[in-house]
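FYI, it's all coordinate maths here, none of it is from the lab. Note that the structure is predicted; figures quoted are calculated from it, not measured. Counting neighbours? That spans all protein chains shown, and the Cβs are built from the backbone with ideal geometry, glycine included.
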Amino acid sequence: MPLKTLFLNPPSFENFDGGAGSRWPATREIESYWYPVWLAYPAGMLEGARLLDAPPHHVSGAETIEIAKEYEFLVLFTSTPGFPGDILLSRAIKQANPKIKIAFVGPHVSVLPEKSLRDCPEIDFICRKEFDYAIVDYAKGKPLADIPGVSFLKDGTVVHNPDAPQIQDLDALPHVTEVYKRDLDVTKYNVPFLLNPYVSLYTTRGCPAQCTFCLWPQTLSGHPWRKRSSDDVAAEMAKAKQLWPEVKEFFFDDDTFNIQKARTIELCTKLKSSAMNLATSRFLKISRKARPSNAPASSLKTATSSAWSSTATSSWACRARRTRPSTIPSRSPRNSTSKPFRFRWRMPIPAPSCTTMR
Ligand code: SF4
């Protein structure tokens, strides 16, 4: 049996919507949450594991400490604003359960591994960047020294193992929706510009662009663009619709969804031709009118075809706006000669623009 593992998006502080998987970690005006999708992959690969998303389920720090007493291994997805609080929480968890091993993951510790280890002696190790298999390997007993992509302190000296190769076979990863169904309550998740309840998942990882305001590809998912097969995505979507008949919107939260025209059309065609009865959202239809210069009109047309009409929706426009890498002439969007692409939001609630830090 692997170590009994708790995957934790830790309790947040008042009015802050951050942590695992949050696209726009920021102070919020209304309560809104993203799914802790990155934690869901390894949580789906370890028997006996649990994914605890504390903020949307209103699990307090004290309750988290109680829950962690039952586990041998804690994987905590930290953030820069949440890090000081996560140190205190880890300390309290170790005091209550001294044998527990603690790993921190996420952009903050990927960028600052040594500082994070020294700031928080309760951390046993850090996984840099994509952490799926590193966490699984450790939980199954592999020595830290043999696990790529981890950093740890040994006799006061930091050890950075070589980077792990980026995962190429995304189809080999579990379907996060099955982990959501097991451990999360989808009715707790709300984003103002989506129909609710919604469910988000990834169909690709990575983005070749290097926008200086953008967090995820620069720190975690990387620049090589990798895709799941359209069959795998279609199979997950079909299952997800059965799992949650009440879900009104499925959201593809990819860094850059439609960078490859042929794949976009292939996937849209499969989703349309299956018996899922999905409709594209108003979000995507907006993007057709204001698409980025290199977003193929034909792929968006396929996605928004009128053949998709029904109760549930599938929203891809969010990532359609991010298909500008070849049009960005410099690392700084401010130096760009092409205008940044922005959505024409039609929602009554003010929404973040592409220049908002993710
Ligand atoms: S194109 Fe989008 S996902 Fe890629 S680096 Fe820029 S903002 Fe981030």
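Note on PHE213 and VAL158: the model spin-label points, each 7 Å out from Cα along the C-beta direction, lie 3.0 nm apart. Here is the link list: LYS101/LYS154; LYS69/LYS115; LYS115/LYS142; LYS129/LYS248; LYS142/LYS181. Which ones come out longer than 20 Å on Cα distance? Beyond 20 Å between Cα atoms: LYS69/LYS115; LYS115/LYS142; LYS129/LYS248; LYS142/LYS181. Could you tell me the calculated FRET efficiency between ASP171 and GLN242, based on Cβ-Cβ distance and R0 = 22 angstrom, to the nearest 0.05? Here the calculated transfer efficiency is 0.65. Computed over the range 71-168, the Cα gyration tensor eigenvalues convert (square root of 5λ each) into semi-axes of 19, 15, 13 Å, ordered from largest to smallest.
Taking other Cβ atoms within 10 Å as a rough exposure proxy, ARG205, ARG50 sort from fewest to most as ARG50, ARG205.
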